[in-house]
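See structure below.
The values are calculated or read from the model by the stated rules, or taken from the named source; none is laboratory data. Bear in mind that the values here come from a model prediction, so they are computed numbers and not experimental data. With ideal geometry, Cβ positions are generated from the backbone for all residues, glycine too; neighbour counts draw on all protein chains shown.
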Amino acid sequence: MEGHGGYNRSSRVQAAGLSPAVPLLEHAARMVTLPAEPHPIVIADYGSSEGRNSLEPITVAIRALRKRAGSNQAISVMHTDLPDNDFRVLFRTLVNDPNSYLAGDTKVFPATVGRSFYEQILPANSVTLGWSSWAVQWLSRAPAQIPDQIQVAYSEDPGTRAAFAAQAAADWRTFLIHRGSELHANGRLVVLTMAVDDAGDFGYRPVLDAMYGTLVKMVDENFISADELSRMTIPTVGRSRSDFMAPFAEVSEDGRFANLIVEELEVFQGEDRLWAEFQRDGDAHAFGSQWAAFSRASAFPTLAADLDGGGKDPRAAEFANRLEAGMAATLAAAPERTLIPLARMVFRKV
Ligand SMILES: C[S@@+](CC[C@H](N)C(=O)[O-])C[C@H]1O[C@@H](n2cnc3c(N)ncnc32)[C@H](O)[C@@H]1O
(Lines give C-alpha, C1' and ligand atoms only; values in the text may rest on other atoms or scores of the structure.)
Protein backbone atom coordinates (compact mmCIF):
# COMPACT_ATOMS: atom_id res chain seq x y z
CA MET A 1 0.00 0.00 0.00
CA GLU A 2 0.99 3.60 -0.45
CA GLY A 3 2.52 5.01 2.75
CA HIS A 4 2.69 8.55 4.17
CA GLY A 5 -1.07 8.56 4.74
CA GLY A 6 -1.85 7.75 1.08
CA TYR A 7 -3.86 4.64 1.96
CA ASN A 8 -5.73 6.41 4.77
CA ARG A 9 -6.70 9.20 2.38
CA SER A 10 -7.79 7.04 -0.56
CA SER A 11 -9.53 3.99 0.89
CA ARG A 12 -13.14 5.12 0.99
CA VAL A 13 -14.13 2.27 -1.34
CA GLN A 14 -12.71 -0.19 1.19
CA ALA A 15 -14.40 1.63 4.09
CA ALA A 16 -17.79 1.23 2.39
CA GLY A 17 -17.06 -2.37 1.45
CA LEU A 18 -16.11 -3.50 4.94
CA SER A 19 -19.10 -1.99 6.73
CA PRO A 20 -21.41 -5.01 6.17
CA ALA A 21 -18.88 -7.12 8.11
CA VAL A 22 -18.88 -4.85 11.17
CA PRO A 23 -22.19 -6.22 12.56
CA LEU A 24 -20.65 -9.70 12.35
CA LEU A 25 -17.71 -8.49 14.44
CA GLU A 26 -20.06 -6.91 16.95
CA HIS A 27 -22.03 -10.14 17.24
CA ALA A 28 -18.81 -12.13 17.59
CA ALA A 29 -17.69 -9.80 20.40
CA ARG A 30 -20.90 -10.70 22.25
CA MET A 31 -20.32 -14.43 21.82
CA VAL A 32 -16.60 -15.01 22.49
CA THR A 33 -15.37 -16.43 25.77
CA LEU A 34 -13.52 -13.68 27.63
CA PRO A 35 -10.25 -14.40 29.41
CA ALA A 36 -10.41 -14.01 33.19
CA GLU A 37 -8.81 -10.89 34.66
CA PRO A 38 -6.03 -9.93 35.02
CA HIS A 39 -5.47 -11.38 31.54
CA PRO A 40 -6.24 -8.88 28.78
CA ILE A 41 -8.84 -9.37 26.10
CA VAL A 42 -6.89 -9.50 22.84
CA ILE A 43 -8.22 -8.16 19.54
CA ALA A 44 -6.05 -8.84 16.49
CA ASP A 45 -6.39 -6.78 13.29
CA TYR A 46 -4.70 -8.65 10.44
CA GLY A 47 -3.56 -6.37 7.58
CA SER A 48 -4.30 -3.01 9.21
CA SER A 49 -2.40 -0.76 6.75
CA GLU A 50 -2.40 2.80 8.15
CA GLY A 51 -5.28 2.09 10.51
CA ARG A 52 -8.05 4.45 9.57
CA ASN A 53 -10.37 1.75 8.28
CA SER A 54 -9.79 -0.25 11.47
CA LEU A 55 -11.15 2.47 13.74
CA GLU A 56 -14.84 1.79 13.20
CA PRO A 57 -14.77 -2.01 13.49
CA ILE A 58 -12.45 -1.98 16.51
CA THR A 59 -14.56 0.73 18.22
CA VAL A 60 -17.68 -1.38 17.72
CA ALA A 61 -15.92 -4.50 19.02
CA ILE A 62 -14.60 -2.69 22.10
CA ARG A 63 -18.02 -1.23 22.87
CA ALA A 64 -19.58 -4.72 22.78
CA LEU A 65 -16.76 -6.21 24.87
CA ARG A 66 -16.97 -3.42 27.46
CA LYS A 67 -20.67 -4.19 28.00
CA ARG A 68 -19.62 -7.66 29.09
CA ALA A 69 -16.24 -7.09 30.72
CA GLY A 70 -16.80 -3.73 32.40
CA SER A 71 -14.49 -0.77 32.12
CA ASN A 72 -11.47 -2.16 33.97
CA GLN A 73 -10.28 -5.20 32.09
CA ALA A 74 -7.37 -4.41 29.78
CA ILE A 75 -7.98 -4.77 26.05
CA SER A 76 -4.96 -5.22 23.79
CA VAL A 77 -5.38 -4.35 20.13
CA MET A 78 -2.68 -5.92 17.96
CA HIS A 79 -2.54 -4.26 14.54
CA THR A 80 -0.53 -6.47 12.21
CA ASP A 81 0.85 -5.84 8.74
CA LEU A 82 3.94 -6.45 6.61
CA PRO A 83 7.23 -4.99 7.89
CA ASP A 84 7.24 -2.14 5.32
CA ASN A 85 3.80 -0.91 6.33
CA ASP A 86 3.69 2.72 7.46
CA PHE A 87 3.19 2.02 11.18
CA ARG A 88 4.16 5.60 12.01
CA VAL A 89 0.99 6.84 10.32
CA LEU A 90 -0.97 4.09 12.07
CA PHE A 91 0.15 5.24 15.53
CA ARG A 92 -0.56 8.87 14.66
CA THR A 93 -4.01 7.88 13.45
CA LEU A 94 -4.73 6.08 16.72
CA VAL A 95 -3.65 9.11 18.74
CA ASN A 96 -5.03 11.94 16.60
CA ASP A 97 -8.09 10.74 14.71
CA PRO A 98 -11.26 11.98 16.43
CA ASN A 99 -12.85 8.59 15.70
CA SER A 100 -10.05 6.61 17.37
CA TYR A 101 -11.13 3.81 19.67
CA LEU A 102 -8.62 5.15 22.19
CA ALA A 103 -10.83 8.15 22.94
CA GLY A 104 -12.16 7.93 26.48
CA ASP A 105 -10.82 4.45 27.27
CA THR A 106 -7.57 4.36 29.20
CA LYS A 107 -7.55 0.56 29.44
CA VAL A 108 -7.13 -0.10 25.73
CA PHE A 109 -3.54 -0.80 24.64
CA PRO A 110 -2.66 -0.82 20.93
CA ALA A 111 0.50 -2.44 19.60
CA THR A 112 1.76 -3.54 16.21
CA VAL A 113 3.31 -6.62 14.67
CA GLY A 114 5.29 -6.19 11.45
CA ARG A 115 5.17 -9.73 10.08
CA SER A 116 3.28 -11.63 7.41
CA PHE A 117 0.03 -13.22 8.47
CA TYR A 118 1.10 -16.30 6.49
CA GLU A 119 3.05 -17.22 9.65
CA GLN A 120 2.03 -17.55 13.26
CA ILE A 121 2.62 -14.02 14.56
CA LEU A 122 0.88 -14.01 17.93
CA PRO A 123 1.14 -16.49 20.81
CA ALA A 124 -0.92 -19.65 20.60
CA ASN A 125 -4.38 -19.47 22.20
CA SER A 126 -3.99 -15.75 22.93
CA VAL A 127 -6.45 -14.00 20.59
CA THR A 128 -10.01 -13.40 21.75
CA LEU A 129 -11.34 -11.77 18.60
CA GLY A 130 -9.73 -11.50 15.16
CA TRP A 131 -10.58 -9.08 12.36
CA SER A 132 -9.18 -8.88 8.85
CA SER A 133 -10.55 -6.66 6.11
CA TRP A 134 -9.41 -6.31 2.51
CA ALA A 135 -6.13 -8.12 3.24
CA VAL A 136 -6.18 -11.88 2.64
CA GLN A 137 -6.78 -11.39 -1.10
CA TRP A 138 -3.05 -10.53 -1.21
CA LEU A 139 -1.10 -13.69 -1.95
CA SER A 140 2.13 -14.53 -0.15
CA ARG A 141 3.85 -14.28 -3.56
CA ALA A 142 3.03 -14.04 -7.25
CA PRO A 143 3.51 -17.64 -8.42
CA ALA A 144 4.05 -16.59 -12.06
CA GLN A 145 4.23 -13.60 -14.35
CA ILE A 146 0.95 -12.82 -16.12
CA PRO A 147 1.72 -12.62 -19.85
CA ASP A 148 -1.35 -10.67 -20.96
CA GLN A 149 -2.55 -8.72 -17.92
CA ILE A 150 -1.62 -7.31 -14.53
CA GLN A 151 -4.49 -9.06 -12.73
CA VAL A 152 -4.87 -12.80 -13.17
CA ALA A 153 -8.68 -12.67 -13.17
CA TYR A 154 -8.58 -11.17 -16.69
CA SER A 155 -5.75 -13.28 -18.07
CA GLU A 156 -6.60 -15.70 -20.87
CA ASP A 157 -3.60 -17.88 -20.06
CA PRO A 158 -4.73 -21.18 -18.49
CA GLY A 159 -1.30 -22.03 -16.99
CA THR A 160 -1.08 -18.69 -15.24
CA ARG A 161 -4.64 -18.96 -13.96
CA ALA A 162 -3.91 -22.44 -12.59
CA ALA A 163 -0.71 -21.28 -10.85
CA PHE A 164 -2.56 -18.42 -9.13
CA ALA A 165 -5.46 -20.69 -8.16
CA ALA A 166 -3.05 -23.15 -6.53
CA GLN A 167 -1.27 -20.35 -4.65
CA ALA A 168 -4.60 -18.90 -3.53
CA ALA A 169 -5.73 -22.28 -2.18
CA ALA A 170 -2.43 -22.86 -0.34
CA ASP A 171 -2.37 -19.34 1.14
CA TRP A 172 -5.96 -19.57 2.36
CA ARG A 173 -5.13 -22.79 4.22
CA THR A 174 -1.97 -21.26 5.67
CA PHE A 175 -3.85 -18.16 6.84
CA LEU A 176 -6.51 -20.29 8.56
CA ILE A 177 -3.99 -22.66 10.16
CA HIS A 178 -2.17 -19.79 11.88
CA ARG A 179 -5.32 -18.00 12.96
CA GLY A 180 -6.57 -21.33 14.31
CA SER A 181 -3.43 -21.52 16.48
CA GLU A 182 -3.63 -17.93 17.67
CA LEU A 183 -7.32 -17.86 18.65
CA HIS A 184 -8.27 -19.14 22.06
CA ALA A 185 -11.11 -21.61 22.48
CA ASN A 186 -14.47 -20.12 21.51
CA GLY A 187 -12.70 -17.08 20.02
CA ARG A 188 -13.93 -15.75 16.68
CA LEU A 189 -12.26 -14.51 13.51
CA VAL A 190 -14.19 -12.20 11.19
CA VAL A 191 -12.83 -11.86 7.64
CA LEU A 192 -13.85 -9.50 4.85
CA THR A 193 -12.02 -10.05 1.60
CA MET A 194 -12.28 -9.85 -2.17
CA ALA A 195 -14.27 -12.63 -3.81
CA VAL A 196 -15.69 -13.73 -7.13
CA ASP A 197 -19.46 -13.67 -7.43
CA ASP A 198 -21.60 -16.70 -8.27
CA ALA A 199 -21.01 -16.08 -11.98
CA GLY A 200 -17.24 -16.17 -11.35
CA ASP A 201 -16.85 -12.41 -11.89
CA PHE A 202 -13.93 -10.74 -10.09
CA GLY A 203 -15.26 -7.24 -10.79
CA TYR A 204 -13.24 -3.96 -11.09
CA ARG A 205 -13.30 -4.34 -14.89
CA PRO A 206 -13.41 -0.63 -15.86
CA VAL A 207 -10.71 0.21 -13.31
CA LEU A 208 -8.40 -2.61 -14.40
CA ASP A 209 -8.97 -1.88 -18.09
CA ALA A 210 -8.03 1.75 -17.47
CA MET A 211 -4.93 0.67 -15.55
CA TYR A 212 -3.71 -1.85 -18.11
CA GLY A 213 -4.57 0.47 -21.02
CA THR A 214 -2.56 3.30 -19.46
CA LEU A 215 0.40 0.99 -18.85
CA VAL A 216 0.36 -0.18 -22.48
CA LYS A 217 0.33 3.48 -23.54
CA MET A 218 3.33 4.12 -21.30
CA VAL A 219 5.17 1.35 -23.19
CA ASP A 220 4.16 2.93 -26.53
CA GLU A 221 5.53 6.24 -25.26
CA ASN A 222 8.77 4.50 -24.19
CA PHE A 223 8.30 5.61 -20.60
CA ILE A 224 8.44 1.99 -19.41
CA SER A 225 9.71 -1.02 -21.35
CA ALA A 226 7.65 -3.98 -22.51
CA ASP A 227 9.80 -6.12 -20.19
CA GLU A 228 8.86 -4.01 -17.21
CA LEU A 229 5.17 -4.24 -18.08
CA SER A 230 5.40 -8.01 -18.53
CA ARG A 231 6.74 -8.30 -14.95
CA MET A 232 4.02 -6.11 -13.44
CA THR A 233 1.53 -8.15 -11.47
CA ILE A 234 -0.98 -7.36 -8.76
CA PRO A 235 -0.87 -10.59 -6.74
CA THR A 236 -4.45 -10.46 -5.48
CA VAL A 237 -7.21 -12.99 -6.01
CA GLY A 238 -10.95 -13.17 -5.63
CA ARG A 239 -12.00 -16.48 -4.13
CA SER A 240 -15.34 -18.18 -4.66
CA ARG A 241 -17.62 -19.49 -1.95
CA SER A 242 -16.36 -23.01 -2.64
CA ASP A 243 -12.72 -21.82 -2.49
CA PHE A 244 -13.37 -20.43 0.99
CA MET A 245 -15.09 -23.65 2.04
CA ALA A 246 -12.58 -26.05 0.45
CA PRO A 247 -10.37 -26.67 3.52
CA PHE A 248 -13.45 -27.35 5.65
CA ALA A 249 -15.08 -29.57 3.07
CA GLU A 250 -12.03 -31.58 2.03
CA VAL A 251 -9.96 -32.16 5.09
CA SER A 252 -12.38 -33.36 7.70
CA GLU A 253 -15.76 -34.97 7.96
CA ASP A 254 -16.96 -32.78 10.80
CA GLY A 255 -16.46 -29.51 8.94
CA ARG A 256 -13.43 -28.49 11.01
CA PHE A 257 -10.17 -27.16 9.70
CA ALA A 258 -7.33 -25.99 11.93
CA ASN A 259 -9.72 -26.21 14.91
CA LEU A 260 -11.99 -23.68 13.22
CA ILE A 261 -15.56 -24.04 12.06
CA VAL A 262 -17.37 -21.71 9.67
CA GLU A 263 -20.20 -19.90 11.42
CA GLU A 264 -21.06 -17.62 8.55
CA LEU A 265 -20.04 -17.11 4.93
CA GLU A 266 -21.68 -14.78 2.48
CA VAL A 267 -20.52 -13.50 -0.91
CA PHE A 268 -22.13 -10.15 -1.68
CA GLN A 269 -21.69 -7.05 -3.84
CA GLY A 270 -19.93 -4.19 -2.08
CA GLU A 271 -21.31 -0.69 -2.49
CA ASP A 272 -19.66 1.26 -5.31
CA ARG A 273 -19.63 4.48 -3.33
CA LEU A 274 -17.88 6.43 -6.09
CA TRP A 275 -20.52 5.46 -8.64
CA ALA A 276 -23.29 6.43 -6.17
CA GLU A 277 -21.65 9.84 -5.73
CA PHE A 278 -21.35 10.27 -9.49
CA GLN A 279 -25.04 9.50 -9.90
CA ARG A 280 -25.86 12.21 -7.37
CA ASP A 281 -23.52 14.95 -8.56
CA GLY A 282 -22.70 14.02 -12.20
CA ASP A 283 -19.05 14.97 -11.60
CA ALA A 284 -17.19 12.67 -14.01
CA HIS A 285 -13.86 14.30 -13.22
CA ALA A 286 -14.22 13.52 -9.50
CA PHE A 287 -15.37 9.98 -10.36
CA GLY A 288 -12.28 9.29 -12.49
CA SER A 289 -9.90 10.94 -10.02
CA GLN A 290 -11.20 8.99 -7.06
CA TRP A 291 -10.98 5.58 -8.72
CA ALA A 292 -7.48 6.50 -9.87
CA ALA A 293 -6.53 7.58 -6.33
CA PHE A 294 -7.95 4.31 -4.97
CA SER A 295 -5.76 2.40 -7.44
CA ARG A 296 -2.71 4.48 -6.61
CA ALA A 297 -3.05 3.85 -2.88
CA SER A 298 -3.77 0.12 -3.26
CA ALA A 299 -1.75 -1.11 -6.22
CA PHE A 300 0.78 1.35 -7.64
CA PRO A 301 3.60 0.59 -5.16
CA THR A 302 3.32 -3.09 -6.15
CA LEU A 303 3.54 -2.19 -9.86
CA ALA A 304 6.39 0.30 -9.34
CA ALA A 305 8.40 -2.42 -7.59
CA ASP A 306 8.71 -4.09 -11.03
CA LEU A 307 10.39 -1.11 -12.69
CA ASP A 308 14.02 -1.94 -13.56
CA GLY A 309 15.21 0.01 -10.51
CA GLY A 310 12.42 -1.30 -8.24
CA GLY A 311 10.43 1.08 -6.04
CA LYS A 312 13.49 3.37 -5.87
CA ASP A 313 13.73 3.67 -9.67
CA PRO A 314 14.19 7.38 -10.57
CA ARG A 315 10.97 7.13 -12.64
CA ALA A 316 8.89 5.76 -9.74
CA ALA A 317 7.22 9.06 -8.77
CA GLU A 318 6.47 10.06 -12.35
CA PHE A 319 5.31 6.52 -13.09
CA ALA A 320 2.67 6.83 -10.36
CA ASN A 321 1.65 10.34 -11.45
CA ARG A 322 1.30 9.37 -15.13
CA LEU A 323 -0.58 6.19 -14.33
CA GLU A 324 -2.96 8.01 -12.02
CA ALA A 325 -3.58 10.80 -14.54
CA GLY A 326 -4.11 8.35 -17.42
CA MET A 327 -6.54 6.25 -15.42
CA ALA A 328 -8.44 9.29 -14.16
CA ALA A 329 -8.91 10.61 -17.71
CA THR A 330 -10.01 7.21 -19.08
CA LEU A 331 -12.49 6.62 -16.25
CA ALA A 332 -13.87 10.18 -16.39
CA ALA A 333 -14.50 9.83 -20.13
CA ALA A 334 -16.95 6.94 -19.67
CA PRO A 335 -18.08 6.54 -16.04
CA GLU A 336 -19.37 3.07 -15.30
CA ARG A 337 -20.47 1.17 -12.23
CA THR A 338 -17.82 -1.18 -10.85
CA LEU A 339 -18.71 -4.61 -9.50
CA ILE A 340 -17.12 -5.19 -6.08
CA PRO A 341 -17.64 -8.84 -5.11
CA LEU A 342 -16.75 -9.40 -1.46
CA ALA A 343 -17.03 -12.16 1.09
CA ARG A 344 -17.75 -11.81 4.79
CA MET A 345 -17.08 -14.73 7.09
CA VAL A 346 -17.03 -15.72 10.73
CA PHE A 347 -14.92 -18.59 12.07
CA ARG A 348 -15.10 -20.01 15.57
CA LYS A 349 -12.28 -21.86 17.31
CA VAL A 350 -13.55 -25.12 18.75
C1 LIG B 1 -6.06 -2.97 1.23
S2 LIG B 1 -5.17 -2.89 2.73
C3 LIG B 1 -6.45 -3.13 3.92
C4 LIG B 1 -6.34 -2.18 5.07
C5 LIG B 1 -7.54 -2.18 6.00
N6 LIG B 1 -7.63 -3.42 6.73
C7 LIG B 1 -8.82 -1.88 5.27
O8 LIG B 1 -9.77 -2.65 5.41
O9 LIG B 1 -8.90 -0.87 4.57
C10 LIG B 1 -4.38 -4.48 2.77
C11 LIG B 1 -3.30 -4.58 3.80
O12 LIG B 1 -2.95 -5.96 3.93
C13 LIG B 1 -1.57 -6.00 4.09
N14 LIG B 1 -1.05 -7.33 3.76
C15 LIG B 1 -0.95 -7.89 2.54
N16 LIG B 1 -0.35 -9.09 2.64
C17 LIG B 1 -0.06 -9.27 3.95
C18 LIG B 1 0.57 -10.30 4.68
N19 LIG B 1 1.03 -11.40 4.07
N20 LIG B 1 0.72 -10.15 6.02
C21 LIG B 1 0.24 -9.04 6.64
N22 LIG B 1 -0.37 -8.02 6.00
C23 LIG B 1 -0.51 -8.15 4.66
C24 LIG B 1 -1.05 -4.93 3.16
O25 LIG B 1 0.28 -4.57 3.48
C26 LIG B 1 -2.05 -3.84 3.39
O27 LIG B 1 -1.65 -2.94 4.37
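List every residue pair whose Cβ atoms lie under 6 Å apart, where the two residues are 6 or more positions apart in sequence or sit on different chains, the first residue falls within region 32-54 and is touching a residue at least 12 places away in the same chain (Cβ under 8 Å) and over 14 Å from Y101 (Cβ atoms), and the second residue, located anywhere, is β-branched (V, I, T) and within 7 Å of the ligand (Cβ to nearest atom).
Y46/T80
Can you tell me which residue in region 127-151 is nearest to M78 (Cα to Cα), limited to those that are of a type in the set (S, T, Y) and in contact with a helix residue (DSSP H, G or I) (Cβ under 6 Å, 6 or more places away or on another chain)?
Looking at the filtered set, the residue picked out is S133.
Between V191, V152, V136, V196, which is β-branched (V, I, T) and farther than 27 Å from L25 by Cβ?
From the options V191, V152, V136, V196, the qualifying one is V152.
Could you tell me whether region 61-68 includes any residue that is within 16 Å of the ligand (Cβ to nearest atom), farther than 27 Å from T302 by Cβ and modelled with pLDDT of 95 or more?
Looking for residues that are within 16 Å of the ligand (Cβ to nearest atom), farther than 27 Å from T302 by Cβ and modelled with pLDDT of 95 or more, one finds at least one in region 61-68, hence yes.
If I ask for residues that are within 10 Å of the ligand (Cβ to nearest atom), surrounded by 24 or more Cβ atoms within 10 Å (Cβ to Cβ) and assigned to a helix (DSSP H, G or I), which ones from region 19-52 would you list?
Result: A21, single match.
Does at least one position in region 332-350 carry a residue that is surrounded by 18 or more Cβ atoms within 10 Å (Cβ to Cβ), aromatic (F, W, Y) and within 30 Å of A28 (Cα to Cα)?
Within region 332-350, one or more residues are surrounded by 18 or more Cβ atoms within 10 Å (Cβ to Cβ), aromatic (F, W, Y) and within 30 Å of A28 (Cα to Cα).
From the residues in region 112-130 that are under 16 Å from the mean Cα position of the chain (by Cα) and more than 17 Å from D171 (Cα to Cα), which one is nearest to the ligand (Cβ to nearest atom)?
In this case the residue turns out to be G114.
Enumerate the pairs (first residue in region 274-300 and under 10 Å from P335 (Cβ atoms); second residue anywhere and part of a loop (DSSP other than H, G, I, E, B) and not acidic (D, E)) with beta-carbon separation below 7 Å, excluding pairs fewer than 6 apart on the same chain, so at least 6 apart or on different chains.
W275/R337; W275/T338; F278/P335; A284/P335; F287/P335
Taking region 155-185 as the search range and keeping residues that are of a type in the set (V, I, T) and within 30 Å of L24 (Cβ to Cβ), which one is nearest to the ligand (Cβ to nearest atom)?
Only one residue tops the list, namely T174.
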